[in-house]
Each structure stands twice: as C-alpha cells, then as structure tokens.
Amino acid sequence: MKRVGLLAAIPEGSRERLMELGREVSFPVDARIFEEGSRADRFWLIRTGTVNLDIHVPGRRAAVVETLGEGRLLGWSWLCPPHQWHLGAEAASPVRAWEFSAAEVLALCARDHELDHALLTYVVEVIGRRLRAARTRLLDLYGPYGSGSDQ
Amino acid sequence: MTAVPLPYRVVGNRAETTDTRTVELLPVGDGALPAFRPGQFAMLYAFGVGEIPVSVAGLRDGVLTHTIRGVGAVSRALCAVRPGAHVGVRGPFGTGWDLATAAGRDLLVVAGGIGLAPLRPLVQAVVSMPHRHGRLNVLIGARTPEDLLYRDELEGWARPYCGVTVDRAGTDWRGQVGVVTTLLDQATFTPHDTTAFVCGPEVMIRATARELLHRGVPARHIRVSLERNMHCATGHCGHCQLGPLLLCRDGPVVGYDRAQPLLAVREL
Ligand SMILES: Cc1cc2nc3c(=O)[nH]c(=O)nc-3n(C[C@H](O)[C@H](O)[C@H](O)COP(=O)(O)OP(=O)(O)OC[C@H]3O[C@@H](n4cnc5c(N)ncnc54)[C@H](O)[C@@H]3O)c2cc1C
Ligand code: FES
C-alpha cells in the first residue's frame, strides 16, 4: 500500500508497531460497515475501494454525506466520548482495509507517545479537513449566483 | 478580433441541465471570426438584450460551441435562442489554457460546476492527441448529480481517470459525495511533472490550488481561469481589473504563481 494519509503521518518505528495490530478485512459492495449510534470500538484504514458515510433519514434510504477512498481513515468516534458512530458507513465498491481495535491502539498509545501524538494530530487534521469541506459545501458554490458566490 | 459583433446563426441548442444549455453557432456568410483556442472566450450578444462573456466549450468542425447557464437577463436570453436565430459574437478574447506548454507532462483537469465548460475543448484536444501528454486525470465537482454536464462524454475522458463527486446526492446516486479535491487521491500523476488546469468558483479554485501546491505541483504549472465582470473585452474599460491584470487581456487563464497573491487580497 502506498503511504498516504495516516501511514505517511506516523514515524516509521511507531508505524510498524501500529501495523502489527492491524487485521486485514474486506467488505463486498453495499456491506454496512457500521451503523449510526452503535458502539465505536474500532477503526479502519482503507487500502482499496471507497466507503460512503451516511446519515439515516426516517422513511428514506440513508443520505450519503461523504465518500472516503484509498489511504483514508474510516472512523474517529472511537477516540472520544460517547464512543458512538455519529454516521453510518457502507462499502460503495469492494473494499479492502486494515481493521484496528480501538482498545489495543489506545493501549499502545499509552506506551508509545510518538504514536499517540502523531495519531491525535492526524485525526485532528482529518476532522479539520472534513469540517472545512462541510463548510465549503454549505456555501453551495455551484448553486444559483448569490447563494454561494464569494465575490 | 473585432470591435463590432459578427452575426452567427444558431444551429443547435440542447439542454444540459435544468438551467444550462449548449448552443452551437456558425458564421452567417463569409465573415467568420479567427479560430478560438481552448480557454478563450467570446462576447455573445443577444440582440436587444445585451452582451456577456462566455467561454468556448467546443470547437469542432468550425462550429463555435458555448455552454451557458441562465442566471440573468442576457444569459437566459442566450439559453432561449432557437435554431435559425442570430446572435452577435466578438472574439476570440483572452489567454487560453496554453496546452502546448504542457507537452509531455501529466495533466490534471479540475472543474467545478459550469467551470467544466471552458475545460471541455481542452480535454477533447488531449483525448484526440493521446501521445502528446502524460496521463490525463479529469476531476469534476457538481452540486447534484442532475447538475452534471456532458454526461455522455465523460467515459471517453478517463485516460486513465475521470471522477465525479457531488455536494449533495439523492438516494439513487451511486457515485462519490464530497468536495472535488477529495478526488485527487484517486488520480495518478507525478506532481512536479504535472500541469493542472482549474476552473470553477473562486473558493474552489483556491482550495484546489492549495491542495495541489501541498502535493508538490509547482505554482506556475497550476493554471486557473478567473472571472470578473467584463465590458469591452479589449483591455480599455478596466471593468475586469484584478490588481495589475486586466483579465480580458491577461486572463482569464493565469498561472497560480501570479494569481495567488492577488486572490489573497480581498479587494484590490
Ligand atoms: C471570462 C468569462 C467566461 C465565462 N464563461 C461562461 C460560460 O462558459 N458559461 C456561463 O454560463 N457563464 C460564463 N461566464 C459568466 C457569464 O458571463 C455571466 O453569467 C453573465 O455575465 C451573467 O449576465 P446576465 O445578464 O445573464 O446576468 P446578470 O443579470 O448580469 O447577473 C445575474 C447574477 O449573476 C451574477 N454574475 C454575473 N456575472 C457573474 C460572474 N462572472 N460570476 C459570478 N456571478 C456573476 C450577478 O452578480 C447577478 O447576481 C463567464 C464569465 C467570464 C468573465
Ligand atoms: S473588460 Fe474592459 S478592460 Fe477588460
């Protein structure tokens, strides 16, 4: 796997220790990986394929709010209370990923402060990027003139 | 280039989306304008209504093609023209994408919304001369799946990659959702050996250029198309000024090395 995203952000020694905890998993297209509101006790690094994050809308099929691709971190709700997924996730194509147990990774972080720092920094960056993307989309840039123009 | 609009006859007008149409024009009689290059624009005159700048969206077989989104009086009048009617055309104006300077390099085409229109003739030129360049990646952001332009053509643009992402999707959309920069992860290109062509709303241009710089694409190889209101289109009235640039003459396509400091300042 080429080193993009999280793997590129973690120093080499820590990366190896983290990867020892990773389990290879795969999901067929349309598989539900996790559901909104359920317990967030793991995360994934996407190796190939794409995953849709969605929000449950009563009476309708879940609305997709973001698509994550190769190298991306899937799931950060395991890191902070209430440790519940606030979105659902579904494989948009066949997905191969590394799966990590949150408890094991947090235990490793307690011993490996470099990993702890790199992981936290990376997750904050991810959240920041998704926040910026969400705000940009709120601007409705491609919408009718005046609704989103920055001029 | 003429100061007076030449009459062109409408030979085609088809719907792309609910508010956007592609109009095809041929000169009336022998009075054709000089050839347009991808990235350049024309001043289109809807008789009795007014004149606006519109990029060239296709150049095949001598037919001047424009994709127009109806947002106000003139653009709506141009969207409504029927085959056989006449419109006035001035041009060609502006700098163009300058594809020749990207020979041998990987190409990244990044479009947001109606910004795909000026990039279409560039992509068509690349696809028709596959050996002149490296890999072609086309990244398209649209508001919703229904707002996507040129649907039938996109498959042929994947050399090797053409991706679409939308801001908002209904439940039957099976593609990607998110900002256009997220598609960069799926594109294959060697950053320092890549030329990027970016067109869309200015917020999207800035976000894309920032991400490309971060990935190592040199600023002078990021070519962005900037829009300002235009009037004369001949470098005389100053309507289109951005800092030291008159965008009708020095743009609309500008290297990001020149554009970045100007876009960083809110009002110039
Ligand atoms: C170089 C250049 C190339 C262009 N290429 C295309 C193209 O290929 N297809 C296309 O559909 N449009 C294109 N445009 C934009 C087009 O010129 C405007 O939509 C048009 O001038 C609007 O005129 P109007 O009389 O229809 O509406 P107006 O009544 O003049 O305007 C309607 C609304 O649109 C806003 N508006 C007008 N122009 C712009 C603009 N340039 N950017 C953002 N908001 C604007 C106004 O503020 C107003 O809110 C281009 C503009 C430039 C400068
Ligand atoms: S539009 Fe008049 S100077 Fe550019």
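The values are calculated or read from the model by the stated rules, or taken from the named source; none is laboratory data. Treat the numbers as computed from the prediction; the structure is a model and nothing was measured. In this analysis, Cβ positions are derived from the backbone assuming ideal geometry, glycine residues included, and neighbour counts consider all displayed protein chains. These area figures cover heavy atoms from the full protein model, side chains too; ligands, DNA and RNA do not enter into them. Shrake-Rupley method; radii C 1.70, N 1.55, O 1.52, S 1.80 Å.
Once both axes come from the Cα atoms, what is the angle between helix B:202-215 and the longest principal axis of chain B, in degrees from 0 to 90, rounded to 10?
With rounding to tens, the tilt is 30 degrees.
Among A:LEU141, A:LEU115, A:LEU87, which one moves the most in a GNM of chain A with springs linking Cα atoms closer than 10 Å?
A:LEU141
Given a 1.4 Å probe and every protein chain left where it sits, what share in percent of the accessible area of chain A is carbon and sulfur? Don't jump to the answer; show the numbers that get you there.
Numbers: 4330 of 7860 Å².
C and S atoms contribute 55 percent here.
Once both labels are modelled 7 Å past Cα along the beta-carbon direction, what's the A:CYS80-B:LEU213 spacing in nm?
Reported label-point gap for A:CYS80 and B:LEU213 is 2.9 nm.
Tell me the mean residue ellipticity at 222 nm calculated for chain A from its helices only (DSSP H runs of n ≥ 4, each -39500 (n - 2.57), averaged over every residue, nearest 500).
-10500 deg cm²/dmol
Please give the per residue accessible area of the protein assembly as shown, computed with a probe of 1.4 Å over protein heavy atoms only, in Å². Provide the component values of the computation, followed by the final result.
Numbers: 19180 Å² over 419 residues.
Per-residue value: 46 Å².
Using only Cα atoms and rounding to the nearest 10 degrees, what angle (0 to 90) does helix B:116-128 make with the longest principal axis of chain B?
So the helix axis and the longest Cα principal axis differ by about 70 degrees.
Going by a 1.4 Å probe on protein heavy atoms, which residues of region B:175-207 end up with at least 50 Å² less accessible surface in the whole assembly than in their chain alone?
Flagged in region B:175-207: B:VAL177, B:VAL179, B:ASP185, B:VAL203.
Using 7 Å Cα-to-Cβ label points, what is the B:ALA73/B:ALA15 separation (nm, one decimal)?
2.7 nm
Pick from B:CYS162, B:CYS232, B:CYS79: which residue has the top mean-square fluctuation in a GNM of chain B where Cα pairs under 10 Å get a spring?
Taking springs between Cα atoms under 10 Å, the residue moving most is B:CYS232.
Quick one: putting +1 on the C-beta of Lys and Arg, -1 on the C-beta of Asp and Glu, what dipole do you get for region A:5-138 around its Cα centre, in Debye to the nearest 20?
Magnitude of the dipole: close to 520 debye.
Got a number for carbon plus sulfur as a percent of region B:99-263's accessible area, 1.4 Å probe?
C and S atoms contribute 50 percent here.
Roll a 1.4 angstrom probe over the protein heavy atoms and tell me the percent of accessible area of region B:6-93 that is carbon or sulfur.
Using a 1.4 Å probe with all protein chains present, region B:6-93 comes out at 53 percent carbon and sulfur.
If you take the accessible area of A alone plus B alone and subtract the pair, what total do you get in square angstrom, rounded to 100, with a 1.4 Å probe? Don't skip to the end; give the middle numbers.
Working: alone 9070 and 12550 Å², together 19180 Å².
In total, chains A and B hide about 2400 Å² from solvent.
At a Förster radius of 25 Å, what calculated FRET efficiency corresponds to the Cβ-Cβ distance of A:SER26 and A:GLU104, to the nearest 0.05? Numbers along the way, then the final one.
Details: r = 20 Å, r/R0 = 0.81.
Efficiency, rounded to the nearest 0.05: 0.80.
List, largest first, the extents of the alpha carbons of region A:5-138 along their principal axes, each in whole Å.
Projected onto its principal axes, the Cα set of region A:5-138 covers 47, 31, 25 Å.
Using only the Cα atoms of region B:99-263, what do you get for the radius of gyration and for Dmax, in Å?
Here Rg and the maximum Cα pair distance are 15.8, 50 Å.
Determine, at each q value in 0.09, 0.10, 0.11 (inverse angstroms), the log₁₀ of I(q)/I(0) that the Debye formula gives when each Cα of the protein assembly as shown is one equal point scatterer.
The computed values of log10 I(q)/I(0) come out as -0.61, -0.73, -0.86.
Taking a point 7 angstrom from the Cα of A:ARG61 along the C-beta vector, which residues in region B:137-176 have backbone N less than 14 Å away?
Within reach of a label on A:ARG61: B:145, B:169-176.
Which one of A:THR50, A:GLY71, B:PRO7 is farthest out on the positive end of the charge dipole of the protein assembly as shown, using unit charges on Cβ (Lys, Arg +1; Asp, Glu -1) and the Cα centre as origin?
Towards the positive end, the residue furthest out is B:PRO7.
Net charge near B:CYS162: determine it from the other residues with C-beta under 10 Å of the C-beta of B:CYS162, scoring Lys and Arg +1 and Asp and Glu -1.
-1
Any chance you could check the Cα centroid distance between region B:47-98 and region A:111-129 for me, in angstrom?
Computed from Cα coordinates, the inter-centre distance equals 51 Å.
Sticking with the crude label model, points 7 Å out along Cα→Cβ, report the distance from A:GLU36 to B:ALA264 in nm, one decimal please.
If labels sit at A:GLU36 and B:ALA264, their model points lie 4.1 nm apart.
If you stretched the chain out fully between B:ALA3 and B:ARG60, how much longer would it get, using 0.36 nm times the residue separation minus the C-alpha to C-alpha distance?
Value of the extension gain: 18.1 nm.
Per DSSP H run of at least 4 residues, take -39500 (n - 2.57); add these up for chain B, divide by its residues and hand me the 222 nm value, nearest 500 deg cm²/dmol.
-5000 deg cm²/dmol
Might you report the magnitude of the Cβ-based charge dipole of region B:110-184 about its Cα centre, with Lys and Arg at +1 and Asp and Glu at -1, to the nearest 20 debye? List each step's numbers first, then the result.
On the way: 8 positive and 7 negative charges, 61 e Å.
Charge dipole, region B:110-184, about its Cα centre: 300 debye, nearest 20.
Assigning unit charges at the beta carbon (Lys, Arg +1; Asp, Glu -1) and nothing else, what dipole magnitude in debye, to the nearest 20, does the protein assembly as shown show about its Cα centre? Don't skip to the end; give the middle numbers.
Numbers: 46 positive and 43 negative charges, 143 e Å.
Taking the Cα centre of the protein assembly as shown as origin, the dipole is about 680 debye.
Taking a ≥ b ≥ c as the square roots of the Cα gyration tensor eigenvalues, with a/c under 1.5 meaning rounded and otherwise prolate when a/b beats b/c, else oblate, which class fits region B:6-93?
Rounded, because the longest to shortest axis ratio a/c is under 1.5.
In whole Å, how far is the Cα centre of region B:126-189 from that of region B:199-234?
18 Å
Could you tell me the calculated FRET efficiency between B:THR234 and B:ALA100, based on Cβ-Cβ distance and R0 = 35 angstrom, to the nearest 0.05?
0.90
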